[in-house]
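The structure appears right after this line, and notes come after that.
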Amino acid sequence: MPEGPEIETVKETLKRQILNKEIKAIKVIYEPIMPEGKTVDLTGEKIIDIDRMGKFLIFKLTTHVLVAHLRMEGKFFIKENENHVKHEHVAIYFTDGTSLRYYDVRKFGRILIKTYDNYLKTPPLSKLGPSPKNITTNYLFEKFKNKKTPIKVALLDQSIMTDLGNIYVDETLFLAKIMPTRLANQVSYDEVELIIEKANQVLDKAISLGGTTIYSYQSSEGVTGFFQNELQVHTKANSPCPICQTKIIKIKVGGRGTYVCENCQK
DNA sequence: CCCGTGCCCTGGCGGC
DNA sequence: TGCCGCCAGGGCACGG
């Protein structure tokens, strides 16, 4: 489940791989992933740059902009042959014979075709809040002040703040010693400040490690996927808390699996 | 507007 | 060994 750091890693990897390549053809195997892929002609366009906003990857082409979201399991990888494997839903062929493949077992990801004029003004990018790097305590505290949802749900809301997903939000709240179930409007100004500090700490560390989950692939056959490590609480049900040794428990918050130390987090 | 629920999908896993 | 049902969850549509 790629979150901000994984997308950052994917972005950097793809930049090394496909910058300046020219599109020769696009094959869309499963249309809902790339609804306009068969109608908008992208042949002849080059990959000028690749950006990231929150969990979205942004491919800047000559005249169009591709806005991609991997959702839970989507992966991009480069191939040097024409072979097609199961779960590959989009193939973008370049004039040099290589191709960029979109692979997604659950078919939840999306690749939207936009223009430079509209890509920032239209959903989904128009709805994104600031990143943890650029956010202020004042802004976030004001957003939370009127929210009656659990703090975890508010932190997952990408229109308030980007980058945190289900894994890193659990890690952030553990480090900030805040219970995920507490209502957002019950979180103090100082705690909001702490949340921002810890979110950046978690995200920066993850990025420095190539993502807490590491994106990697081989040039021909593909996907080796994401690896997990470094987690303090997420997925650690029944393990001792690294701080106090109390058993980590798993609960549901906002319908999502949530890992907490009931002793450390208040 | 705000909030909660269900949907999109498939594969993996637990239970029997 | 096989089958069934549940779970995983980011973002969005929809309804109260």
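Each value in this text was obtained by applying a stated rule to the coordinates, not by laboratory testing. Just so we're clear, the structure is a prediction, and the values are computed from it rather than from any experiment. Glycine gets a Cβ as well: all are built from the backbone with ideal geometry, and neighbour counts include every protein chain shown.
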Between A:Glu36 and A:Thr246, Cβ-based FRET efficiency (R0 45 Å, step 0.05) works out to 0.30
What are the ³J(HN,Hα) values, in whole Hz, obtained from phi via the Karplus relation 6.51 cos²θ - 1.76 cosθ + 1.60 with θ = phi - 60°, for each residue of region A:234-247 in sequence order, with x given for Gly and Pro?
4, 6, 9, 3, 6, 8, x, 4, x, 8, 10, 6, 5, 5
Other-chain or far-sequence residues with amide H under 5 Å of A:Met34's (modelled H)
A:Ile111
What is the distance, in nm, between label points placed 7 Å from the Cα along the Cα-to-Cβ direction at A:Glu12 and at A:Asn263?
3.6
Fewest-first ranking of A:Thr62, A:Thr258, A:Thr149, using other Cβ atoms within 10 Å as the exposure measure:
A:Thr62, A:Thr149, A:Thr258
With an 8 Å cut-off on Cα pairs and a minimum separation of 6 or more residues, tell me the relative contact order of region A:2-86 in percent.
27
So what's the gap between the Cα centers of region A:145-197 and region A:246-261, to the nearest angstrom?
14
Separation between the A:Glu197 and A:Thr62 pseudo-spin-labels, each 7 Å from Cα along Cα→Cβ, expressed in nm?
5.1
Determine, for each peptide in A:102-111, A:185-194, the mean count of other beta carbons within 10 angstrom over its residues, then list the peptides with the highest first.
A:102-111, A:185-194
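Need the full-extension length gain, A:Lys127 to A:Thr95, defined as separation in residues times 0.36 nm minus the C-alpha distance. One decimal, nm.
8.0 nm
So what is the calculated 222 nm ellipticity per residue for chain A, using -39500 (n - 2.57) for each DSSP H run with n of 4 or more, over all residues, to the nearest 500 deg cm²/dmol?
Value at 222 nm, helices only: -7000 deg cm²/dmol.
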Tilt relative to chain A, helix A:4-18 - C-alpha long axis, 0 to 90 degrees, to 10
20
With r defined as the distance between the Cβ atoms of A:Glu22 and A:Tyr139 and R0 fixed at 35 Å, what FRET efficiency is calculated, to the nearest 0.05?
0.25
For region A:107-117, Karplus couplings with θ = phi - 60° (6.51, -1.76, 1.60), whole Hz, Gly/Pro x
6, 8, x, 9, 10, 9, 9, 10, 10, 4, 5
Are any of the pairs A:Lys27/A:Lys250; A:Lys21/A:Lys152; A:Lys46/A:Lys198; A:Lys75/A:Lys145; A:Lys55/A:Lys177; A:Lys55/A:Lys86 more than 31 Å apart by Cα-Cα distance, and if so, which?
A:Lys27/A:Lys250; A:Lys21/A:Lys152; A:Lys46/A:Lys198; A:Lys75/A:Lys145
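Given R₀ = 25 Å, FRET efficiency for A:Asp117-A:Ile29 by Cβ-Cβ distance, to 0.05? Show your work: numbers first, answer last.
On the way: r = 29 Å, r/R0 = 1.17.
Efficiency for this residue pair is about 0.30.
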Relative contact order (percent, whole number), chain A, Cα cutoff 8 Å, 6+ residue spacing
18
